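Right, one structure below, let's go through it.
Read the figures in this text as sums done on the coordinates, not as results from a lab. This is a predicted model, so every value here is computed, not measured. For neighbour counting, all protein chains shown are included, and Cβ atoms are generated from backbone atoms with ideal geometry for every residue, glycine included.
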Amino acid sequence: MEKLMIRGGRPLRGTVQISGAKNSAVALVPAAILAESEVILDNLPLISDVAVYSEILQELGATVSRKDDVMRINPANLRSVPMPNGKVKLLRASYYLMGALLGRFGEATIGMPGGCNFEPRPIDQHIKGFEALGATVVNEHGSMKIFAKQLRGAKIYLDVASVGATINIMLAASRAKGSTIIENAAKEPEIIDVATLLNAMGAVIKGAGTETIRIEGVDKLHGCRHSIIPDRIQAGTYMIAAAATRGDVLIDNVIPKHLEAITAKLEEMGVEVHELDESIRIIGKDSYSPIDVKALVYPGFATDLQSPMTTLLTQAAGVSILTDYVYGTRFKHVPELARMGANIRVEGRSAIIEGGKLNAAKVKAADLRAGAALVIAALTVDNDITEITGVEYIDRGYDDLDEKLRLLGAEVWREQEE
Ligand code: EPU
């Protein structure tokens with residue numbers, strides 16, 4: 001196993017290119033199997049979650065090839081093979097195989113998803129959706145066996161506006177008979193991206209990005225070419241890192257509209273933010289005001305930026321309160337930040353953060369975004385080396401992290417763990 005070594009204290013300066021969105025990619029790759037001919041995905045991020053997904057599709061019989069950020073998926077000869085164990089356990093987003101295989105073949109057996117388990121992450125709303133579409137769902141020794149003679153459109157109200165359930169239902173319903181309406185659908189940009197791909201494949205989906213999505217089922221879907229939207233969480237992470245190191249960074253290849261919540265919060269702290277057409281410039285300041293942040297569903301402040309934001313709030317002069325209304329216990333970064341000298345108390349769904357200087361330490365990333373929080377913390381420590389283990393979590397979502405940071409002037413390298 002590798003560990004990430006960071007000698008901090010240098011303000012980040014320069015331009016960083018943002019890759020395609022991880023949380024789109026891990027839905028678009030399985031969505032491609034609903035087609036019966038080749039799907040080409042452009043702007044794909046080079047992250048381990050996507051690599052694992054491409055291996056899973058090959059195990060199911062698809063032909064998958066990749067050159068740089070372009071992936072070609074030909075699912076013509078794909079079969080619905082039961083996948084109770086193995087690679088599906090490595091990914092949270094393997095649950096999208098349920099909707100995709102169910103839509104194409106009327107059956108799927110998939111082991112319960114793994115991935116970043118920062119708290120219990122139920123999939124009851126996914127199952128509720130499949131059942132409403134006429135499927136039978138059986139839990140067989142920890143695997144979900146889902147089957148239907150004929151999926152039929154239905155009206156489905158989600159009890160929570162779940163990103164995964166919304167996408168999974170869109171996948172299955174796009175090949176059901178008749179119309180499906182999802183009420184209280186999630187509105188995240190990645191949902192629009194999946195609907196755009198499915199529509200390019202011949203599906204009929206309207207309303208993605210609003211709380212009501214209508215899907216007219218079709219008999220067959222065909223191949224197409226689609227470019228993945230920029231990763232708003234990766235962009236937000238570099239925005240936060242630029243501010244935390246008091247740097248000056250142009251975050252390029254972004255959709256500024258997707259970054260409104262983080263932009264507003266950075267400005268509230270006193271960070272200088274310039275919005276351009278497809279980029280955002282962050283100019284850090286010497287002192288920041290403490291603020292309150294509430295992580296909510298989109299277009300609210302993203303829960304995935306909650307951990308990196310915790311680190312930035314340690315740089316403010318005073319007490320900030322950060323409350324996560326999406327995941328109430330997503331605080332695995334807090335004890336590690338405390339090892340680095342942070343003064344943070346968790347009360348219920350809130351972290352109460354008192355600003356102060358951080359010091360170098362040996363810390364462990366327990367999940368992807370906790371890892372991002374530690375990387376940013378390490379970058380702020382004056383001329384001392386922080387060692388971060390659990391790098392495999394970070395590599396699940398941040399492509400080319402070391403190189404991107406080095407291009408911004410950071411001192412980052414990897415060593416083998418003893
Ligand atoms: N929920 C339920 N039942 C369900 C589904 C969700 O109660 O059936 C609850 C969850 O426990 C949570 C809330 O609903 O409290 C929202 O969960 P959601 O289903 O929206 O999350 P997800 O689809 O599993 C995606 C991202 C996460 C991101 C969340 C919230 C992917 C692969 N993952 O997860 O991304 O935190 O939406 O925006 O798209 C990450 O990138 O680090 C990450 C964890």
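Quick notes on this structure:
- DSSP loop trypsin sites (Lys or Arg not before Pro) with at most 16 other Cβ within 10 Å excluded, longest remaining stretch of the chain: 1-78
- Size of the stretch 22-227: Rg and Dmax of its alpha carbons, in Å, are 15.1, 41.
- With R₀ set to 41 Å, the beta-carbon distance separating residue 413 from residue 200 gives a calculated FRET efficiency near 0.50.
- Taken about its Cα centre, the stretch 128-262 carries a charge dipole of about 540 debye when Lys and Arg each add +1 at the Cβ and Asp and Glu each add -1 at the Cβ.
- With a Förster radius of 51 Å applied to the beta-carbon distance between residue 79 and residue 157, the computed FRET efficiency rounds to 0.95.
- Signed unit charges on C-beta, dipole axis of the chain, positive-most listed residue 237, 250, 377: 237
- Relative contact order %, the stretch 113-262, counting alpha carbon pairs below 8 Å whose residues are six or more apart: 17 percent
- Cα gyration tensor shape for the stretch 18-100, rounded if a/c is under 1.5, else prolate or oblate: oblate
- Value of [θ]222 nm, deg cm²/dmol, for the chain, DSSP H segments ≥ 4, -39500 (n - 2.57) each, nearest 500: -8500 deg cm²/dmol
- Three-way shape label, the stretch 243-295, alpha-carbon gyration tensor, a/c 1.5: oblate
- In this simple spin-label approximation, residue 255 and residue 63 carry label points 7 Å from Cα along the Cα→Cβ vector, and these lie 3.2 nm apart.
- Only Lys, Arg (+1) and Asp, Glu (-1) charged, at Cβ; the stretch 22-227 dipole about Cα centre in debye: 400 debye
- Annotation: amide H of residue 254 within the under-5 Å range of 279, sequence separation 5 or more or interchain, hydrogens built in the peptide plane.
- Subset of 22/87; 145/187; 3/362; 22/67; 22/357 violating a 20 Å alpha-carbon distance limit: 145/187; 22/357
- For 119, 387, the sequence from fewest to most other C-beta atoms within 10 Å is 119, 387.
- Radius of gyration and Dmax over the Cα atoms of the chain, both given in Å: 21.3, 64
- Length added when fully stretched, residue 383-residue 276, from 0.36 nm per residue minus Cα-Cα: 35.2 nm
- Nitroxide proxy distance, nm - points 7 Å out along Cα→Cβ at residue 5 and residue 105: 4.7 nm
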